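Structure, as structure tokens:
The values are calculated or read from the model by the stated rules, or taken from the named source; none is laboratory data. The structure presented is a predicted model; accordingly, all values stated were derived computationally and were not measured. Virtual Cβ from ideal backbone geometry, glycine too; neighbours counted across all protein chains shown. Ligands, DNA and RNA are stripped out before the accessible areas are found, and what is left, the full protein with its side chains, is counted by its heavy atoms. Shrake-Rupley method; radii C 1.70, N 1.55, O 1.52, S 1.80 Å.
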Amino acid sequence: QVQVVESGGGLVQPGGSLRLSCAASGNIGHIYDMGWYRQGPGKQRELVAAMAGGGSTNYGDSVKGRFTISRDNAKNTLYLQMNSLEPEDTAVYFCNAVIRQIGRILREDYWGQGTQVVVSS
């Protein structure tokens, strides 16, 4: 009853930019934390950037200064602006949202299906 859908991935040359979007929809009572994670070939899933409901942010060390996370609470949408992309940024990028559904008390984790980012010349 809650969907989280990423978009915006693709192929980009080193040094280029991409903007990812993550839209949450469905039976949403409230969205708390939202974040981006990625999983590269042969690697474990890692935190890219996260934003709490109050607006505080947290970035993975490898993306600090290059990536910017933002959210539009009115649209239940999370964004990731990625600049100065490097081949090491190649991965499937997943969106995570902590959501309480209407009529429920507990908060639950929701994940999107992922969007592929390939950085290559």
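Odds and ends about this structure:
- Enumeration of residues in the range 37-51 that are surrounded by 13 or more Cβ atoms within 10 Å (Cβ to Cβ) and either without any contact (Cβ under 8 Å) to a residue 12 or more places away in the chain or in contact with an Asp or Glu (Cβ under 8 Å, 6 or more places away or on another chain) (or both): Tyr37, Arg38, Gln39, Gly40, Ala50, Met51
- For Thr77, the conditions (1) over 18 Å from Val119 (Cα atoms); (2) among the polar types (S, T, N, Q); (3) open to solvent by 50 Å² or more (accessible area, probe 1.4 Å); (4) without any contact (Cβ under 8 Å) to a residue 60 or more places away in the chain are fulfilled apart from (3).
- Residue check for Ser25: assigned to a strand (DSSP E or B), surrounded by fewer than 14 Cβ atoms within 10 Å (Cβ to Cβ), hydroxyl-bearing (Ser, Thr, Tyr) and out of contact with any Lys or Arg (no Cβ under 9 Å at 6 or more places or on another chain): yes
- Residue list for the range 80-112, filter: β-branched (Val, Ile, Thr) and open to solvent by 70 Å² or more (accessible area, probe 1.4 Å): Ile102, Ile105
- Residue match in the range 52-66 (condition: in contact (Cβ under 8 Å) with a residue 24 or more places away in the chain, part of a loop (DSSP other than H, G, I, E, B) and open to solvent by 30 Å² or more (accessible area, probe 1.4 Å)): no
For (1) farther than 18 Å from Arg19 by Cβ; (2) not aromatic (Phe, Trp, Tyr), each residue gets a yes or a no:
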residue: Arg38; (1), (2): no, yes
residue: Thr57; (1), (2): no, yes
residue: Gly65; (1), (2): no, yes
residue: Thr77; (1), (2): no, yes
residue: Thr90; (1), (2): no, yes
residue: Tyr93; (1), (2): no, no
residue: Gln101; (1), (2): yes, yes
residue: Arg104; (1), (2): yes, yes
residue: Ser120; (1), (2): yes, yes
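- Val48, sole failed condition from (1) of a type outside the set (Phe, Trp, Tyr); (2) more than 16 Å from Arg71 (Cβ to Cβ); (3) not in a loop (DSSP other than H, G, I, E, B): (2)
- Checking Gly112, Gly65, Gly53, Gly26 one by one, the residue that is at pLDDT below 95 and either aliphatic (A, V, I, L, M) or in contact with a strand residue (DSSP E or B) (Cβ under 9 Å, 6 or more places away or on another chain) (or both) is Gly53 and no other.
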